Amino acid sequence: MELERKQKEDEEKKKLEKIKEKVEVEMRKTEENIRRLKEKRSSEIYMSFRETRKKIEKSAEENSKVVEQEWKEQEKKAKKAEQEIRAIARRAREEHRRSHLQEASRAISSFISLQNSVQNGSETQNSTPSLPGKTTNNNMFKPKKLRPARPPDRQAVIDWYREEEVPRGSGYDGSGNIAPWFHGILTRKDSEDMLSSEQVGTFLVRVSERVWGYTISYQDKERCKHFLIDTSGSSFQFFWHKSNSTFQAI
């Protein structure tokens with residue numbers, strides 16, 4: 001009996017060992033399968049990542065080319081627009097300058113016409129009594145006194161006007177009265193204050209303290225402008241404030 005029991009136990013042990021070996025083999029197979037599955041999945045994920053990355057890089061490259069092309073187009077349009085703006089600004093400056101020259105020329109012409117009409121009226125109306133400080137017509141074309149190139153002071157300007165311009169009738173109308181547009185020796189600031197409330201195109205003539213002559217103060221759209229008329233020579237010289245040009249014999 002004892003021997004049989006022992007044999008049975010041995011057989012049971014062998015069976016258990018076989019089962020254990022079988023389980024171990026199955027576990028190793030399972031672990032191997034899991035490992036392979038993990039490697040396969042990792043490989044698939046890596047390949048998918050590479051493909052996605054390639055697509056993103058390709059898309060980014062294409063977008064970069066599109067953006068660069070659009071930027072070049074915008075830059076080209078901007079340069080063209082800038083050239084057009086510069087051309088428009090240049091034409092506007094030229095038109096502005098021509099307009100100012102025309103306006104100033106009209107103002108000068110008006111002044112000279114009034115000046116000439118006064119002198120012509122003085123020649124034909126010998127019976128008109130002389131104004132205070134005004135000499136007879138025989139002295140109208142008296143040779144000019146030698147003077148420095150520019151007035152040294154205000155008193156010199158006053159003396160010049162009394163001695164040379166009053167006999168010519170400068171600043172007077174045909175009736176021997178002071179012309180409404182003439183304001184004698186008036187400062188630049190005072191002339192600007194007088195014209196500031198007037199309409200565009202209004203002007204006055206004043207004796208200049210910078211040259212032996214006059215200044216036409218003209219109310220423009222933006223501000224008051226001033227034009228010098230030098231009468232020291234044999235003809236009138238008009239000096240525009242933004243250039244060295246002169247207009248002689250107007």
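The values are calculated or read from the model by the stated rules, or taken from the named source; none is laboratory data. Model, not experiment: these values are computed from the prediction. Cβ: placed from backbone, ideal geometry, glycine included. Neighbour counts: every protein chain shown. Ligands, DNA and RNA are excluded from the accessible area calculation, which covers all protein heavy atoms including side chains. Shrake-Rupley method; radii C 1.70, N 1.55, O 1.52, S 1.80 Å.
Below is a table of values for the structure above.
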| quantity | calculated |
| --- | --- |
| Sulfur and carbon atoms: percent of accessible area, the range 1-63 [1.4 Å] | 54 percent |
| Cα→Cβ-extended label distance, 7 Å offset, between LYS38 and ALA156, nm | 10.8 nm |
| Interchain or long-range residues, amide H under 5 Å from SER208's placed H | GLY213, TYR214, THR215 |
| ³J(HN,Hα), Karplus 6.51/-1.76/1.60, whole Hz, each residue of the range 67-84, x for Gly, Pro | 4, 4, 5, 5, 5, 5, 5, 5, 5, 4, 5, 5, 5, 5, 5, 5, 5, 5 |
